[in-house]
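> First the structure, then my questions, so here it is.
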Amino acid sequence: MLCDSNRHTFPIRDYDLDGTLTSGQAFRWQKHGEVWFGVVGRHWVRLRSDTVSITAETAEPVSDWSWLIDYLQLDMDLTELMLTFPDDEPMRAAMEACRGLRLLRQDPWECLASFILSSTKQIVQIQQIIRLLCERFGEPLPAPAEFAPAHAFPSATRLASAGEAELRACKMGFRAPYLLAVARRIAGGQFDPAHLRQLPVESARDELMRLPGVGRKIADCALLFACGFQSAFPVDVWVAKALRQLYFPRRKVNLQRLHRFAASHFGPNAGYAQQYLFHYMRTGRKKAGSRQNRSKIKNRRNGERGSKT
């Protein structure tokens, strides 16, 4: 899309921007009021959404907005995709609670590095680590004067020249040597994250899991959130909890059994279904429970009033 301006409005249908940016896929977005601020590639971006559009603003004029269309996956037909989800009660509940949730399409290196840093950390902690990493090692980017300075995510080459102690100073702890080792492999030409998109999903996963600090979950996150492999199904604590509670109540199942179940049950877009279950367990199920509790209280009060008359 060509438009030489620093502002553009995209028509949308069924797009929950808040849910998408808070669902644990990307860690460089902050919300102030009704507006989101973040960095995509080498662009500082401000996003505002309503039910029919997303308006984007950048610090400098943009002639081609295709990078943001791709990142936000604005061309995705969500209705058609959701028809591939299994028609079962847990999935229907997750779809209802998280309607409009999308997968982003991130840069492979940034996504891989971010999830290496995510190990055993909560989202707010991951955001802090990545913010410090970008401030100390990322190239400065143009941003409006009234906002904090913006920085690109540091390249693998830049991090490869850093020392482990410098990385640990970004509060990443034991993850520092893993990130450093992967950055040096990329800088040395031994591994190319962008090449993963050209491989079958199994081969791409195998390549990722040969890297230091990268297990099945981190590999699947990179495959799903950056490389477009929508069959990749990351299983973290929240997803394992969702599968066990919603599909295997009162039964003990190990991680291998959960992976086999996910591969056979959720279809070609299993990773998309996974994101709905993940976000549902973190947010939607609590909201649904609150609505049910409020309904029960209301009904109880109505019954009490009825008994007194």
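The values are calculated or read from the model by the stated rules, or taken from the named source; none is laboratory data. Not measured: the values here are computed from a predicted model. Cβ sites come from the backbone with ideal geometry, for glycine too, and all protein chains shown count toward neighbours. The accessibility values were calculated without ligands, DNA or RNA, using every heavy atom of the protein model including side chains. Shrake-Rupley method; radii C 1.70, N 1.55, O 1.52, S 1.80 Å.
> For the range 221-244, give me the residue count where each residue is touching a Phe, Trp or Tyr at 6+ places or on another chain (Cβ under 6 Å) and either of a type in the set (Asp, Glu) or open to solvent by 10 Å² or more (accessible area, probe 1.4 Å) (or both).
2
> Something else now. So residue 124 passes all but one of these: (1) among the aliphatic types (A, V, I, L, M); (2) open to solvent by 30 Å² or more (accessible area, probe 1.4 Å); (3) in contact with a helix residue (DSSP H, G or I) (Cβ under 9 Å, 6 or more places away or on another chain). Which condition number does it fail?
Among (1) among the aliphatic types (A, V, I, L, M); (2) open to solvent by 30 Å² or more (accessible area, probe 1.4 Å); (3) in contact with a helix residue (DSSP H, G or I) (Cβ under 9 Å, 6 or more places away or on another chain), residue 124 violates only (3).
> Hey, among the residues in the range 105-117 that are touching a Gly at 6+ places or on another chain (Cβ under 9 Å) and either open to solvent by less than 10 Å² (accessible area, probe 1.4 Å) or of a type in the set (Asp, Glu) (or both), which one's farthest from residue 229 (Cα to Cα)?
Residues of the range 105-117 that are touching a Gly at 6+ places or on another chain (Cβ under 9 Å), as a first pass: 105, 107, 110, 116.
Filter once more, so that each one left must be either open to solvent by less than 10 Å² (accessible area, probe 1.4 Å) or of a type in the set (Asp, Glu) (or both): 107, 110, 116.
Working: 107: 14, 110: 17, 116: 19 Å.
Applying the filter and picking the extreme gives 116.
> Follow-up. Being surrounded by fewer than 18 Cβ atoms within 10 Å (Cβ to Cβ) and closer than 30 Å to residue 59 by Cβ is the filter; apply it to the range 161-175 and report the residue that is nearest to the chain's Cα centre (by Cα). I'd like the intermediate steps shown before the answer.
Initially, the range 161-175 is screened for residues surrounded by fewer than 18 Cβ atoms within 10 Å (Cβ to Cβ), giving 161, 163-166, 168-169, 171, 173-174.
Adding the requirement that they be closer than 30 Å to residue 59 by Cβ leaves 161, 166, 169, 171.
Values: 161: 28, 166: 27, 169: 25, 171: 21 Å.
Checking each candidate, the answer is 171.
> Scan the range 176-216 residue by residue and report those that are open to solvent by less than 30 Å² (accessible area, probe 1.4 Å), part of a helix (DSSP H, G or I) and touching a helix residue (DSSP H, G or I) at 6+ places or on another chain (Cβ under 6 Å).
176, 179, 180, 183, 193, 196, 204, 208
> Which is more than 26 Å from residue 270 (Cβ to Cβ), of a type outside the set (Asp, Glu) and surrounded by 15 or more Cβ atoms within 10 Å (Cβ to Cβ), of 20, 58? First the steps, then the outcome.
On the way: 20 fails: more than 26 Å from residue 270 (Cβ to Cβ).
Within the list 20, 58, the selection yields 58.
> Something else: For residues that are touching a Pro at 6+ places or on another chain (Cβ under 8 Å) and surrounded by 15 or more Cβ atoms within 10 Å (Cβ to Cβ), tally how many sit in the range 40-52. Walk me through it before giving the result.
Residues of the range 40-52 that are touching a Pro at 6+ places or on another chain (Cβ under 8 Å), as a first pass: 44, 52.
With surrounded by 15 or more Cβ atoms within 10 Å (Cβ to Cβ) added as a condition, the list becomes 44.
Counting residues in the range 40-52 that are touching a Pro at 6+ places or on another chain (Cβ under 8 Å) and surrounded by 15 or more Cβ atoms within 10 Å (Cβ to Cβ) gives 1.
> Scan the range 230-253 and report the pairs whose first residue is free of Cβ contacts under 8 Å to residues at least 40 places away in the same chain and whose second residue is open to solvent by 40 Å² or more (accessible area, probe 1.4 Å) and aliphatic (A, V, I, L, M), with Cβ atoms within less than 8 Å and a gap of 6+ or a chain change.
Pairs that qualify, where the first residue is free of Cβ contacts under 8 Å to residues at least 40 places away in the same chain and the partner is open to solvent by 40 Å² or more (accessible area, probe 1.4 Å) and aliphatic (A, V, I, L, M), are 235/255; 240/255.
> Moving to a separate point now. Take the residues in the range 140-187 that are in contact with a strand residue (DSSP E or B) (Cβ under 8 Å, 6 or more places away or on another chain) and without any contact (Cβ under 8 Å) to a residue 40 or more places away in the chain; name whichever of them is nearest to residue 38 (Cα to Cα).
Going through the range 140-187, the residues in contact with a strand residue (DSSP E or B) (Cβ under 8 Å, 6 or more places away or on another chain) turn out to be 140-144, 147, 149-153.
Remaining after also requiring without any contact (Cβ under 8 Å) to a residue 40 or more places away in the chain: 140, 149.
On the way: 140: 14, 149: 11 Å.
Selected residue: 149.
> Kindly list, by first and then second residue, each pair from a residue in the range 66-94 that is crowded, with 16+ Cβ neighbours inside 10 Å to a residue that is of a type in the set (S, T, N, Q), limited to pairs with Cβ atoms under 8 Å and residues at least 6 apart or on different chains.
These pairs meet every condition: 71/106; 72/20; 81/269; 85/269.
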